[in-house]
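Chemist: This is the structure, below, for whatever I ask next.
The values are calculated or read from the model by the stated rules, or taken from the named source; none is laboratory data. What you see is a predicted model, and the numbers here were worked out from it, not measured in a lab. When we count neighbours, we look across all protein chains shown, and the Cβ atoms used for this are built from the backbone with ideal geometry, even at glycine.
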Amino acid sequence: MPISKRACWLLFGLCIAGVEPAGWADISKWSFSIPPQLKKNVDFWIQINSQYSIHQGLVHDSENVDHIYAVLDFGKSKKNSARMINQEKAKWKRVLLSVQRKQATPEKMNSDEKRVFEMFKDTEEPNKFLNAAHRKRLRFQLGQRDQFLSGLAQSGKYLRKMEEVFKKAGLPVELTRLPFVESSFNLKARSKVGASGIWQFMKSTARLFLRVDELVDERNDPLRASEAAAQLLALNYQSLGNWPLAVTAYNHGRKGMMRAVRRVGSDQLGELMEGYGGRSFGFASSNFFPELVAMVELEKNASKYFGEVERAPESTFYEVTLSRETFLPTLVHEFGLDLQEVRELNPGLAEAVFQKSASIPAGYRLRIKRASQDSEEILTKKFMEKYDLVVKSPQGDGAPSLKM
């Protein structure tokens, strides 16, 4: 897939700014080798997404994620979950501060204190127990097993087509597992800050690659958004030179990661996690790539972690590119389309289109469910004759395919 004109201008801007892009020849390479200091982070996210439900969670150290103080189970308690979390954090803060005072005399410690003392025995850090008691270090993480399994089932509809998008762009197909991190493949995912769709694009970023207006929001279209994500990740790679940084930039921003590299003097994510103190480079940003690696492992070996998982069948459709503004109810009526199926296949269309108060804009690639090759050929002929439209099937199996 070619990079859009606006994205090309972004890349050109990097060059004239004196940033030398990495070679395209290396862009499709993916390495699962991760620095030893990141392995514990990958293991942490494997546990969170495979062992703990949304009714459970861990109180842990944000810098040493393998230091787990407590496992909370909200299903077995009548207490308010937020109150439980705050009480547990307060308890372990007291324990850490007590260990700080008693570290020269461990024989005076109680069982919780001894466990924490042993937990940190290999940590070389002045005032390590005092530092670990800081509110930013005592962190709670809710379990994600339920969401991951839901996303795993939903991913069956789109994952193969998403992989094709990334293959055509010359990118590692493993990157298509990022929606497990961002949204668990929930098409209706909306963040508090305005990110939308399975790739969680913000409007400002999405508009570099996608149509986002009152009639069409392609952030909510899994395949259009995948095409945009491929372009953005390619640009990140050109700027930063390796996939751990390029992936992290998807969360933290390309400029933010370039600034981190300059300040630390390294392009290795493990070293940036240890040495970069940027205010916005917090737990979510620093763990974004390890979490992706965990998702790749869980999706690839799902039966190992979850047993047999039934995935939704792949969505089958063909696309009709509208050469002029078209009223959806007219198409539904004249060609016997199922409105609900059209809605499910075209999540990028605004509700106004389905409520009959707005038309589908010219140039939109409308998806129609593919019942059979014969029905597609008949519909293709009707669409072409009556609406002067252009049709293309993405199936690649001999179905009608005309110039898009």
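Chemist: So which pairs qualify, if the first residue must be in the stretch 348-366 and surrounded by fewer than 17 Cβ atoms within 10 Å (Cβ to Cβ), the second must be assigned to a helix (DSSP H, G or I), the Cβ gap must be under 6 Å, and the two must be at least 6 apart or on different chains?
Modeler: Going by the 6 Å Cβ cut-off, the qualifying pairs are K356/P329.
Chemist: Follow-up. Taking the stretch 321-342, which residues are touching a Lys or Arg at 6+ places or on another chain (Cβ under 7 Å) and of a type outside the set (D, E, K, R)?
Modeler: Selection gives T321, P329, F335.
Chemist: Wholly within the stretch 287-404, which helices (runs of 4 or more DSSP H) include no fewer than the required count, namely at least 1 residues that are assigned by TED's automatic domain parsing to the domain that holds Q268 and either closer than 30 Å to I48 by Cα or at pLDDT 80 or above (or both)?
Modeler: Here the list reads 288-300, 302-306.
Chemist: Counting only residues that are at pLDDT below 95 and over 32 Å from the mean Cα position of the chain (by Cα), which one in the stretch 78-102 is nearest to D61 (Cα to Cα)?
Modeler: Only one residue fits best here, namely K79.
Chemist: Give all pairs with beta carbons closer than 6 Å in which a residue from the stretch 264-275 that is over 18 Å from R254 (Cβ atoms) meets a residue that is in a loop (DSSP other than H, G, I, E, B); count only pairs at least 6 apart in sequence or on separate chains.
Modeler: G270/P35
Chemist: Which condition does N49 not pass, out of (1) of a type outside the set (S, T, Y); (2) in a helix (DSSP H, G or I); (3) in contact with a strand residue (DSSP E or B) (Cβ under 9 Å, 6 or more places away or on another chain), if it passes all the others?
Modeler: (3)
Chemist: Which members of the stretch 107-126 meet the condition of being within 16 Å of W92 (Cα to Cα) and not aromatic (F, W, Y)?
Modeler: Of everything in the stretch 107-126, those that are within 16 Å of W92 (Cα to Cα) and not aromatic (F, W, Y) turn out to be M109, N110, S111, D112, E113, K114, R115, V116, E118, M119.
Chemist: Does S239 satisfy the condition of being polar (S, T, N, Q), surrounded by fewer than 24 Cβ atoms within 10 Å (Cβ to Cβ) and free of Cβ contacts under 8 Å to residues at least 12 places away in the same chain?
Modeler: So S239 does not fit the description; no.
Chemist: Identify the single condition in (1) in contact with a Leu (Cβ under 7 Å, 6 or more places away or on another chain); (2) basic (K, R); (3) in the same structural domain as V193 (by TED's automatic domain parsing) that R259 does not satisfy, given that it satisfies every other one.
Modeler: Going through (1) in contact with a Leu (Cβ under 7 Å, 6 or more places away or on another chain); (2) basic (K, R); (3) in the same structural domain as V193 (by TED's automatic domain parsing) one by one, R259 breaks only (1).
Chemist: Could you check the stretch 229-254 and list, in sequence order, the residues that are closer than 19 Å to A169 by Cα and not in a helix (DSSP H, G or I)?
Modeler: G241, N242 - these are the residues of the stretch 229-254 that are closer than 19 Å to A169 by Cα and not in a helix (DSSP H, G or I).
Conditions (1) surrounded by fewer than 23 Cβ atoms within 10 Å (Cβ to Cβ); (2) assigned to a loop (DSSP other than H, G, I, E, B), marked per residue:
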site: F185; (1), (2): no, yes
site: G194; (1), (2): yes, yes
site: I198; (1), (2): no, yes
site: A225; (1), (2): no, no
site: G256; (1), (2): yes, no
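Chemist: Please enumerate the residues belonging to the stretch 83-99 that are of a type in the set (A, V, I, L, M) and surrounded by 14 or more Cβ atoms within 10 Å (Cβ to Cβ).
Modeler: M84, I85, V95, L96, L97, V99
Chemist: Okay, next question. Show the residue pairs that are 6+ apart or on different chains and have beta-carbon atoms under 6 Å apart, the first residue being within the stretch 74-93 and in a helix (DSSP H, G or I), the second being small (G, A, S).
Modeler: F74/S81; E88/A70; K93/A133
Chemist: On to the next question. Suppose the filter is exposed (fewer than 13 other Cβ atoms within 10 Å of the Cβ) and either of a type in the set (V, I, T) or not in a helix (DSSP H, G or I) (or both); does K157 pass it?
Modeler: Here the answer is no, as K157 does not meet what is asked.
Chemist: If you don't mind, there's one more thing I want to ask. Considering only residues that are on the phi < 0 side of the Ramachandran plot and assigned to a loop (DSSP other than H, G, I, E, B), look in the stretch 200-212 and name the one that is surrounded by the most Cβ atoms within 10 Å (Cβ to Cβ).
Modeler: Across the stretch 200-212, the extreme among qualifying residues is L210.
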